[in-house]
């Protein structure tokens, strides 16, 4: 449905390079990345508000590069919602319909429909002043949805909402996507909120796509150290081996075990000596023990199973321990980056 | 809620603009009209000329006279800069040097004298006895605030500057507390109390509010300046212009009008200012 | 000495706090009030100046001459022409100034800085010079062609409008540009994603939001236009009953030493201006631009 092929663009100092992304019809794609990585720029290029310098964009199979935003039929909800403050809520939502010269009756019917679906009927007569963040978001959404677009672009839709509602709203957005049969691109900087709703994840790092894949792909087999850290897939271990130089590898906390110092290391397992820094609740039936290991810049987290009773954790801060793991379970992250690697 | 789209409103707005412009055009004059005389007149001479103009057109049905007022110098610039078909037919200057300039540039081809400006000393009426100024030399009194015309500006400025220096009173020129750009300005300065004395034209001192609030002291032997009326060269209404000039400058009604507004009509006995 | 507390309750006042003055409350905050006082005093200086000038003029005036001066046919004509020409100037300034302000605000193009500065020149030039330049222009070949084929404004009422327009429009453009600067251009972008063409986005989204700024620009433009004198003197002419406007009337009276008549017309102008400005401000919000 949405195809970005070899997109290149530069705005001032910032450059987008070699963006290749294909979102199938009906997919919910989450475009992930830290602030300033170019996510909004990509979305603006899809809806036609920015031009790429190289590469092509296709929407629904047809080339969209030369098309005016008005002709692309893409629903766009910007990050700050961009409501038309001189108009009432009703007129905001009806804007796209009135521009197409629909009759008053038709406008009323469709606005009512969308408003009731999003639960904002009571707001229709009000001006935009004094609406809460969540209300403004739903008005912006209604304004885009009333035009029945096939593609929906949401730029950081939940970032401005308070934490307790973010997860819920993400689920609501997914439900809306499913019931309307749209193709959606949801921009976010937060993996935790979005991984439960995404069909496809594209991770953007400083203008380049670091990885595109399913949630599983990205979480279990991150393409590089950046992705691994961004989605908090697990421990990033760095090592220097003669031939390859500096490399990084992913060790999931669940794949490591902790032994008291001096214990024997079972054969076939690698071992790292270290000292316990903290013992935290790991959620569910496990402790998360953080160990400072020699030669590693970050602490290594090890998941230690926890019995159901209230027994204290088997390890204390300051205790000397050994982290062991099966080297085959390490997932390579390619060359390590950063000057502080050993 | 506003129904009509904004574009319709913009069109309505422009239609209103067009309507206003058309309304204005209704005030238009036909400049090519053979019976419409256009006169540039120095603003200080407006009152007698207005009266004479009314008398002139009263005798001539169908004739109109459009009067444009301004400073003599400004009018000269306008005379030079306006395109030929906008030029006036008659130019009345408050000082002959402008008319002579105009003639040298080929803009006017007939210059006649209307009346004369005689410089006088003027002080506020209610301070006259206190100040006790009798002669030009009294202006040099220490502590006296004197306003003079800008020596490169109005005619009265040039004339008073020369007159004072010729009488060895250059100090008065240097210590002038204000340099006005028009003679009315200087009269106002004294009237409102910002200066004690000034040198202005006799006619100015006899005009309007100045007549009520100022009193004058004659300057024996003071150089005078001619108020002149000129016919503009190549005007298509030369005959009408000549008739107007003749009417304005000769005859009893002319003397009566000028005298009524305080102008000196008889040639003064002193030599004109160089 | 410490400041008294914000709201001491009457029945709990420790001995070392000063007693409230009889019948009154202790100042909410002395420093706060001083601040407000200073702001008003300094800002009010200008108001004081304006009022002083007006009161001075009124006390000097001889009111017995007011009606006779103001009801003369020449002055009535000047008043009509002043109103007609200044309103026309405002209408033209908006028709031209809104697009000009929009382009300056939204678009980037080479030489923008120079063009922007050029548009300020009419504000900087002495008004008399603007009149001279207009006169010279109509002397040139281009000017003569316009005179012959479009309109001859020299010493005509159209010339009055043109003279006012050349100066007043610059002010209008400045203010309209500032208004558009304040409106987020993204709103127009979003409107376009909703299916609006650029023109629809402008008229339906941006312009309604610009309404109060455009109105303020209209007020300033009108005020400048009706008070304009220099270029009208030179280019429009001062012919009574033809191109005379109120500022010209005042000047003509001053030139013959009739200060009372000049003040009478001045008072007329002040009344006219105040009425129009009040109407603008009161009902301007309801004008659908």
Margin query: Using only the Cα atoms of chain B, what are the Rg and Dmax in Å?
Written below: 23.0, 82
Next item on the list: Return P(r) of the stretch C:54-108 (all Cα-Cα pairs; 10 Å bins starting at 0; whole %; ordered from short to long distances).
Entry: 19, 24, 24, 17, 13, 3
Check: Could you give the semi-axes, largest first, of the ellipsoid that matches the stretch C:152-245, computed as the square roots of 5 times the alpha carbon gyration tensor eigenvalues and rounded to whole Å?
Finding: 38, 13, 9
Next item on the list: Over the whole of C:236-244, what's the average partner chain Cβ count within 10 Å per residue? Rounded to a whole number, please.
Entry: 6
Check: If you line up the long axis of helix C:127-137 against the longest principal axis of chain C, both from Cα atoms, how many degrees apart are they, to the nearest 10?
Finding: 30 degrees
Note to self: For a quick check, take a GNM of chain A with Cα springs below 10 Å and name the residue from A:182, A:45, A:288 with the largest mean-square fluctuation.
What the structure shows: A:288
Notebook entry, point to check: Fewest to most neighbouring Cβ within 10 Å: what's the order for B:91, C:60, A:28, C:107?
Noted result: C:107, C:60, A:28, B:91
Note to self: I need the peptides C:227-236, B:163-172, C:250-259 ranked by packing, meaning the mean over residues of other C-beta atoms within 10 angstrom, with the highest value on top.
What the structure shows: C:227-236, C:250-259, B:163-172
Note to self: Binning at 5 angstrom from zero up to the longest distance, how are the C-alpha pair distances of the stretch B:223-267 distributed in percent?
What the structure shows: 5, 19, 24, 21, 15, 11, 4, 0
Notebook entry, point to check: For chain A, what is the convex hull (Cα atoms) projected area averaged across all directions, in square nanometres?
Noted result: 22.1 nm²
Next item on the list: Between residue B:80 and residue C:63, take the C-beta separation as r, use R0 = 56 Å, and let me know the FRET efficiency to the nearest 0.05.
Entry: 0.85
Notebook entry, point to check: Could you put C:188, B:130 in order, starting from the residue whose Cβ has the fewest other Cβ atoms within 10 Å?
Noted result: B:130, C:188
Check: In the protein assembly as shown, what % of DSSP beta bridges are antiparallel (nearest 5)?
Finding: 70 percent
Check: How long is the stretch B:119-218 along each principal axis, judged by its Cα atoms, biggest number first, in Å?
Finding: 31, 27, 22
Checklist line | Contact order normalised by residue count of chain A, Cα under 8 Å, 6+ apart, percent | finding: 17 percent
Check: Convex hull over the Cα atoms of the protein assembly as shown, averaged projected area in nm²?
Finding: 63.4 nm²
Notebook entry, point to check: To the nearest 10 degrees, how steep is helix B:46-58 against the longest Cα principal axis of chain B, on a 0 to 90 scale?
Noted result: 50 degrees
Item checked: Average projected area [Cα convex hull, the stretch C:131-289], square nanometres -> 12.4 nm²
Check: Which residue fluctuates the most in chain A, going by a Gaussian network model with Cα springs under 10 Å, if the choices are A:183, A:324, A:40?
Finding: A:324
Item checked: Antiparallel bridges, percent of DSSP beta bridges restricted to chain A (to nearest 5) -> 75 percent
Next item on the list: Could you calculate the FRET efficiency of residue B:246 with residue C:120 from 1/(1 + (r/R0)^6), where r is the beta carbon distance between them and R0 is 45 Å, rounded to 0.05?
Entry: 0.30
Notebook entry, point to check: Hey, what does the equivalent ellipsoid look like for the stretch A:212-322, semi-axes from the Cα gyration tensor as sqrt of 5 times each eigenvalue, largest first, whole Å?
Noted result: 25, 19, 12
Check: How big is the equivalent ellipsoid of the stretch C:81-182 along its three axes, where each semi-axis is √(5λ) from the Cα gyration tensor, reported in whole Å from largest to smallest?
Finding: 26, 17, 13
Margin query: For the stretch A:120-176, take N as its residue count and report Rg(C-alpha) divided by 2.2 N^0.38 Å.
Written below: 1.15
Notebook entry, point to check: So what are the radius of gyration and Dmax for the Cα set of chain C, in Å?
Noted result: 26.3, 93
Next item on the list: Write down the percent of antiparallel bridges among all DSSP beta bridges whose residues are both part of chain B, to the nearest 5.
Entry: 60 percent
Check: Could you work out the helix-only [θ] at 222 nm for chain A, with each DSSP H run of four or more residues adding -39,500 (n - 2.57) and the total divided by the number of residues, to the nearest 500 deg cm²/dmol?
Finding: -7500 deg cm²/dmol
Margin query: Please check: in the Gaussian network model of chain C (C-alpha springs, under 10 Å), which one of C:215, C:272, C:263 has the largest mean-square fluctuation.
Written below: C:272
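Values in this text are rule-based calculations from the coordinates and carry no lab data. Note that this is a predicted model, so its numbers are computed, not measured. Every residue, glycine among them, receives a Cβ derived from its backbone with ideal geometry; neighbour counts consider all protein chains shown.
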